[in-house]
1. Work the Kirkwood hydrodynamic radius out for the range 100-149: mean of 1/r over every pair of different alpha-carbon atoms, inverted, in Å.
2. Along the charge dipole of the range 172-232, which of Ser221, Pro186, Val174 sits closest to the positive end, that is, farthest toward it, with unit charges on the beta carbon of Lys, Arg, Asp and Glu (+1, +1, -1, -1)?
3. Which trypsin sites (Lys or Arg not before Pro) in the range 429-492 pass both tests, a DSSP loop state and at most 12 other beta-carbon atoms within 10 Å?
4. Debye sum, Cα scatterers, the range 255-325, no solvent: what log₁₀ I/I(0) at q = 0.12, 0.17, 0.18, 0.26 1/Å?
5. Which loop GluC sites (Glu not before Pro) in the range 63-166, with loop taken from DSSP, have no more than 12 other Cβ atoms within 10 angstrom of their Cβ?
6. Any idea what the dipole of the range 194-328 comes to, in debye rounded to 20, about its Cα centre with Lys/Arg Cβ at +1 and Asp/Glu Cβ at -1?
7. So what's the range 153-210 giving for Rg/Rh, alpha carbon basis, Kirkwood Rh from the mean inverse pair distance?
8. How would you order 366-379, 306-319 from highest to lowest mean count of nearby Cβ atoms within 10 Å?
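The numbers here are math on the coordinates, done by the rules we state, and not lab data. Owing to the predicted nature of the structure, the values given are computational and were not obtained by experimental measurement. Positions of Cβ are generated from backbone atoms using ideal geometry, with glycine treated the same way; all protein chains shown enter the neighbour counts.
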Amino acid sequence: PWVDRVLFQGPSLEDFAQYDGYFDVTGLLILPQYNAMPTVDWYLWWFGLDPQAIDPSAKRNRGNIRSEAWNNVREVLRQTPGTKVLFNPQASTALRSMPVELANQFAKRLLELDDSLQLVITQQLNFKHERLIDFSGKTASIQTYLALIDQVDGLITVDTFALHWADVCNKPTVSIFSSVESSAYPYYPFNCGIDIKGIGTLAAHKKSKVADEDWLSMQASYHAAWELISADEVLDLLTKIQRQKQAISAVKKSGLSLISAPRIASCVGWDAKTFAPQLKRQRTPAHIALTQERLGQLAQTLLKPGTTAVLATPTAPTLAVRVAKRVQALGAIHVFEPRPVLAQLLGGALVGAGVFNAQVHTTLPLGGITEADFPDLDPWSESVVSEWGNAQRNVKVYLQPIDALQLPHCHALIIEPPMPGALVIEGALETLKRCRPFILMAPIGKEDMDAVCQTALGADYVFWTEPLLSGLGMSEMLLLGMPIESERKINGFTKMNTNE
């Protein structure tokens, strides 16, 4: 239940920021067994799976391309007749790249061998040719590059990223390897991998990268090995793979899908039942959800249309909406929520529900202190509704005790975690003495209940309690405070002895 979605290709940085827990594979290249088995199998093995137990067809790639980028590439390529082959001679390191001067010679030879060949490049070569389609200035977006691989007729590459994406698209490919051997990729049916001459005897065999100073000492030997790569042989292999694919009557559907627009990452979702906005990664424990329902029921009982209520950090916007609708248009509610993100969501939920008799205060309704701070709330990371925040940094918050509102009427004061109940009461004593509201707090433990009762003694209140969940004793209670002159019995509640 904690998996929100499964990704078939690397997420954007914006998407990745949503995740607290993830597998960091950036350091696996230096761990044991790397390049001792097919790459896909090695990753599966490190993730704790048995590679041999997984069907080879499941070891292929899947991904998506934005339709706009795909169509833009199509508009360019459709004007060019002939067989289009993408030539990619550069990888992320010099170790795995074809030397620049050899890449130029290789490309010229490919064009000589087939006068119908249209050679597509994304990295500039030092010559011009009428059948050389230069995309080097048009692939700033990775989406354009992916769309290009999908729409050419074949691919010649030294880069494994292009190789993986060619597999997504079922694209005939010849991949040339200079350090990691071609046997590392056995599961791509339309790829033919070839190794440079003497790959096993070269200094960086089975390494993905080397230090710059080490590369200087081995560069010449790799240059000599690259010189032995034959464009004639490579083009013959690519043609052979293309024919093999054409001869297969039913080619498995590619792992490619087109998406009409990028999915914009958001930390906000919508409650399935109430359609109120909520943080996607904010969790609501079971006892908090139960509290919300019980507080809503009591609010229906204790409040009448036209009355006024004050809520301090409601753990869900639904309670504020329910209370506001109960007091109706002639009534009013004041909601204290000092966390800006949650205050915005609360305001949005109220307006979305057609509620306009509510005022949201982004302050702390505390008495007895001059300033306060608490952990900041990062909306992209996991948090709990009953806690202030989830960040390591603290934020300072402006204080506005309930007494400062100078309410002409107040009929209910509802307090939920993480608001400290006793301090809220301390800042509302004048309002309690003058307006005589009911007090509702939940969930609350024995120690906090005692502190609230002691604080409210001077206002002539009596308190009743109700257990929220059976078996938890006094650790999760609902506290109901009544003006002594309005005391009444409510089913399920037990009166507290405040003299203990």
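1. Details: mean 1/r = 0.0863 Å⁻¹.
Radius from the Kirkwood sum: 11.6 Å.
2. Pro186
3. Working: sites: Lys433, Arg434, Lys446, Arg488, Lys489; in loops: Arg488, Lys489.
Sparse-neighbourhood loop trypsin sites (Lys or Arg not before Pro): Arg488, Lys489.
4. -0.46, -0.74, -0.80, -1.29
5. Within the range 63-166, the qualifying GluC sites (Glu not before Pro) (loop, at most 12 other Cβ atoms within 10 Å) are Glu130.
6. Values: 19 positive and 10 negative charges, 282 e Å.
Dipole size: approximately 1360 debye.
7. On the way: Rg = 11.5 Å, Rh = 11.7 Å.
That ratio is 0.98, to two decimals.
8. Details: 366-379: 16.1, 306-319: 23.1.
Output ranking for 366-379, 306-319: 306-319, 366-379.
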